[in-house]
Amino acid sequence: MTPTEIVNDQDKKGEALKSQRFQMLTDIAKELSGEVVFPTYFDAVLRLRKVLHDPAESIANIAHAVSVEPLISAKLLHLANSVAFNPEGRELVDLKSAILRLGLNAVRTAALSIVMTQLMRAKGMAEFSDMTHSLWEHSIKSAAAANIIARKMTRQNADEAMLAGLIHDLGAFYMLYRATQYEELRHRPESIKYLIVQWHESIGVSLLNALGLPDEIVEATIDHDHMRSTPTTLRNLADVIFVANMLSGGHYEWLMQDQDQLPPELKSIEEQYGHLRPEIDALALEMRSSFS
């Protein structure tokens, strides 16, 4: 191939890449205005969502609804018997008792965690493995940080904070899943990172709304990667998620990894909340073993 042919070939690939980037964003916008399509195991959690959010449902009915999803059932039972939820060592063998021990917020978090790990293994996701594993690790750290921060520093519901921390970057996972359907993007995984940085927050908010997540959780994820002054008092769930996300390195690792020094805002967060790291790391370790 001559130098001119090489340049022309690169131009064609560049145009194809731009075209597929635009097409993916267009297709996502269309999908989010209608019915969201996820792999079948994600659909399982969406089916569970209604019963898990219905205050009139009995624990027996909830246990029955969960029991039809074997993977989720097994993981919930394992989690209920983990050190974090069973420090006395009293082992449970039935799903109803496990749900009672965990509480509904923890069940929602665990169910979503389980399908997010499965989402990482969806067809075509292997080519994005570095990004998906990085995102998953960040999600686990953020969820653990949100739980500990809410419990130690605020009056916010710690289980709700954990759930919000876990799914705050669901838009990025969704974008990677959709990118597997476009050849140019699938074979150039680094090319999708720019789109994720630019769009994952707004797409995530639309996605969480489409999935029917509570308004408070959706609102807590808005602009979570936008740097701002560290709140001296954590007034709401949005403040908790912002601090948890920044403490877990999301913004810095994706956007500022070439900088020699931490921005002053991140230094401030570290000074105020860094002492919680041992507890955050311990909870994150427990979550990894329970959800993997």
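The values are calculated or read from the model by the stated rules, or taken from the named source; none is laboratory data. Since this is a predicted model, take the numbers as computed values, not measurements. Cβ atoms come from the backbone with ideal geometry, glycine included; neighbour counts cover every protein chain shown.
Scan segment 78-91 and report the pairs whose first residue is touching a residue at least 24 places away in the same chain (Cβ under 8 Å) and whose second residue is among the aromatic types (F, W, Y), with Cβ atoms within less than 7 Å and a gap of 6+ or a chain change. Close Cβ pairs satisfying both conditions: L79/F85.
Candidates L71, L77, L92, L112: the one that is part of a helix (DSSP H, G or I), farther than 27 Å from Y177 by Cβ and not assigned by TED's automatic domain parsing to the domain that holds G212 is L77.
Annotation: L195 fulfils all but one of (1) touching a residue at least 60 places away in the same chain (Cβ under 8 Å); (2) surrounded by 19 or more Cβ atoms within 10 Å (Cβ to Cβ); (3) under 14 Å from the mean Cα position of the chain (by Cα); the unmet one is (3). Here T117 fulfils each of the conditions (1) part of a helix (DSSP H, G or I); (2) within 21 Å of A158 (Cα to Cα); (3) not hydrophobic (A, V, I, L, M, F, W, C) apart from (2). Name the single residue that is nearest to G204 (Cα to Cα) among those in segment 93-140 being crowded, with 20+ Cβ neighbours inside 10 Å and of a type in the set (S, T, N, Q). That would be S139. Of all residues in segment 33-67 being among the aliphatic types (A, V, I, L, M) and modelled with pLDDT under 75, which is surrounded by the fewest Cβ atoms within 10 Å (Cβ to Cβ)? Restricting to residues being among the aliphatic types (A, V, I, L, M) and modelled with pLDDT under 75, the top hit is V37.
If we scan segment 2-19, do we find a residue that is at pLDDT 85 or above and either under 28 Å from G204 (Cβ atoms) or out of contact with any Ser or Thr (no Cβ under 9 Å at 6 or more places or on another chain) (or both)? Yes - at least one qualifying residue is present in segment 2-19. Look at segment 133-161: where a residue is over 15 Å from P231 (Cβ atoms) and without any contact (Cβ under 8 Å) to a residue 60 or more places away in the chain and a partner is hydrophobic (A, V, I, L, M, F, W, C) and not in a helix (DSSP H, G or I), sitting 6+ places away or on another chain with Cβ atoms under 9 Å, you get H133/M120; L135/M120; W136/M120. Per the listing L185, L166, the residue uniquely crowded, with 20+ Cβ neighbours inside 10 Å and modelled with pLDDT under 85 is L185.
Matching residues to (1) assigned to a helix (DSSP H, G or I); (2) at pLDDT below 90:
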position: V205; (1), (2): yes, no
position: I222; (1), (2): no, no
position: D225; (1), (2): no, yes
position: R235; (1), (2): no, no
position: I241; (1), (2): yes, no
position: L266; (1), (2): yes, yes
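Would segment 104-111 turn up any residue that is in contact (Cβ under 8 Å) with a residue 60 or more places away in the chain and not β-branched (V, I, T)? Looking for residues that are in contact (Cβ under 8 Å) with a residue 60 or more places away in the chain and not β-branched (V, I, T), one finds at least one in segment 104-111, hence yes.
Consider E271 carefully, then state whether it is in a helix (DSSP H, G or I), surrounded by fewer than 19 Cβ atoms within 10 Å (Cβ to Cβ), at pLDDT 80 or above and in the same structural domain as E216 (by TED's automatic domain parsing).
yes
Residue count for segment 202-232 satisfying the condition of being without any contact (Cβ under 8 Å) to a residue 40 or more places away in the chain and on the phi > 0 side of the Ramachandran plot: 1.
Taken as a whole, the condition of being over 13 Å from the mean Cα position of the chain (by Cα) and within 19 Å of A282 (Cα to Cα) applies to N147. Here S82 passes the criteria (1) in contact with a Ser or Thr (Cβ under 7 Å, 6 or more places away or on another chain); (2) part of a helix (DSSP H, G or I); (3) over 29 Å from R21 (Cβ atoms) except the one numbered (2).
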